[in-house]
Amino acid sequence: MSVLEILILAVGLSMDAFAVSICKGLAVKRIDMGKAGIVGLWFGGFQALMPMIGYFLGSRFSNAIQSVDHWVAFILLSLIGANMIREALSRDEDAGRDSGSLSFKTMLMLAVATSIDALAAGITFAFLDVDIALAGMIGCTTCIISMAGAKVGSVFGTKYKSKAEMTGGVMLILLGLKILLEHTGILADLMA
């Protein structure tokens, strides 16, 4: 794979993280560069780490990982999205406070959920004899795109917080559903 092909792959892999970053920005009243940087580092870090892990797992475990990656992403994104919707519908003002959390647990779940595809990409890197150092390009690309997504989400979230949380939750669930349908082949059947 050429550097250009890796860059295109990096942008494609970062789109899940970008969508979730927008949702994270929607849930935060005001996101500064520090908070956007935290979002970017979590997502970019995992987008760099997961292809390396996938590369080292290689063909030995590829069937086991590929058979469940879409389910893991779907379940995690659906749970997080449902929680955002619940909080948006809650009448308690403090209930929505955690949806903008940048806590270790929250960010870890989101980072893992958005980087499952990068793990699978890393497995294919082993088959294609790709220089695994290029995983850093995937991480840097995702970091920058995620920071931009958090800022974009923040601009819209300050005016429409409740609706934004609802929209963000629905987006996460739909993203998880898209991943599931793509990996099971149902989406291709629907498009045909």
Within the chain, longest stretch free of exposed chymotrypsin sites (Phe, Trp or Tyr not before Pro) [DSSP loop, at most 12 other beta carbons within 10 Å]: 62-159
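Pairs to check: LYS35/LYS151; LYS105/LYS178; LYS29/LYS151; LYS35/LYS178; LYS105/LYS151. Give those whose C-alpha atoms are more than 19 Å from each other in this structure. Write down the numbers at each step before the final one.
Details: LYS35/LYS151 9 Å; LYS105/LYS178 24 Å; LYS29/LYS151 11 Å; LYS35/LYS178 28 Å; LYS105/LYS151 21 Å.
Checking Cα-Cα distances, LYS105/LYS178; LYS35/LYS178; LYS105/LYS151 exceed 19 Å.
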Candidates ASP69, ASP131, ASP16: whichever shows maximal mean-square fluctuation once the chain is modelled as a Gaussian network with Cα springs under 10 Å: ASP131
Loop sites in region 6-45: trypsin sites (Lys or Arg not before Pro), DSSP, at most 14 other Cβ within 10 Å: LYS29, ARG30
Below 8 Å between Cα atoms, with a sequence gap of 6+, how large is the relative contact order for the chain in percent? 48 percent
Using 19 Å as the cut-off for backbone N distance, which residues of region 3-38 belong to the label zone defined by a point 7 Å from the Cα of LEU174 along Cα→Cβ? 14-27
Any chance you could tell me what percent of the C-alpha pair distances in the chain go past 26 Å? 31 percent
Using a simple spin-label model with points 7 Å from Cα along the Cα→Cβ vector, what separation in nm is obtained for ASP131 and ILE186? 4.2 nm
Going toward the positive end of the dipole of the chain, with +1 on Lys and Arg Cβ and -1 on Asp and Glu Cβ, which of ALA36, LEU181, ALA120 do you reach last? ALA36
Counting Lys and Arg as +1 and Asp and Glu as -1, each charge on the Cβ, what is the dipole of the chain about the Cα centre in debye, to the nearest 20? 700 debye
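Throughout, read-outs are computed from the coordinates displayed, never taken from laboratory work. Quick caveat: nothing in here was measured; it's all calculated off a predicted structure. For neighbour counting, all protein chains shown are included, and Cβ atoms are generated from backbone atoms with ideal geometry for every residue, glycine included.
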